[in-house]
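Trainee: My questions will all concern the structure given below.
Bear in mind that the values in this text are calculations on the coordinates, not laboratory data. Keep in mind that what you see is a predicted model, and the values were worked out from it rather than measured. Cβ atoms come from the backbone with ideal geometry, glycine included; neighbour counts cover every protein chain shown.
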Amino acid sequence: GQYDPMVPDSECLKVVIEILDSLNIGKYVIKVNHRRLLDGMFEACGVSADKFRSTCSTIDKLDKSTWEEVRTEMIQEKGVTPEAADRIGEYVRLNGGIELTDKLLQEEKLSKSKAAVEGLEGIKLLLRYCELLGLKDKIVFDLSLARGL
């Protein structure tokens, strides 16, 4: 059927939050990101397209490893330049809400990447829908999230 982009995504998040709330698991947040943004971020940082997926799998380790460990793996095992790894590091430490998407859409390097702009606009739309559905306090936009994207 016809639907606006990100409506099904926000509705899925609403259902997940309703289930988690019913389980009384305590305070939690759900992290969201966008595959196109990751691709655009890697492009803007100087990572070659053939290294996007392997770099992504390394970024995914940030929830279990330190930035230095992830940076070392990107450089030594994935072939990312130290400069590109450092630029990626500046981004993957960021998380927030709609205000972060606005800030990143104005950022010089990301704003020149079609993929990054598409991803940021998608995340911004998702966060707006989540806000309308009353989910704002349970959703966080996290640039380090790479699993499953």
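Trainee: Would you kindly give the portion of the calculated P(r) for the chain that falls above 26 Å, as a percent of all Cα pairs?
Mentor: Numbers: 3097 of 11026 pairs.
Summing the P(r) tail past 26 Å for the chain gives 28 percent.
Trainee: Note the full-extension length gain between Val7 and Leu23 as 0.36 nm times their separation in residues minus their Cα-Cα distance, in nm to one decimal.
Mentor: Numbers: separation 16, 0.36 × 16 = 5.76 nm, distance 2.47 nm.
Between Val7 and Leu23, full extension yields 3.3 nm more.
Trainee: Could you check the spin-label model distance between Asn95 and Ser54? Points 7 Å from the Cα along Cα→Cβ, value in nm.
Mentor: Each label point is offset 7 Å from its Cα along the Cβ direction, giving 2.8 nm.
Trainee: Report the calculated FRET efficiency for Gln76 and Lys103 (r = Cβ-Cβ distance, R0 = 35 Å), to the nearest 0.05.
Mentor: Details: r = 32 Å, r/R0 = 0.90.
Given R0 = 35 Å and the Cβ-Cβ separation, E is 0.65.
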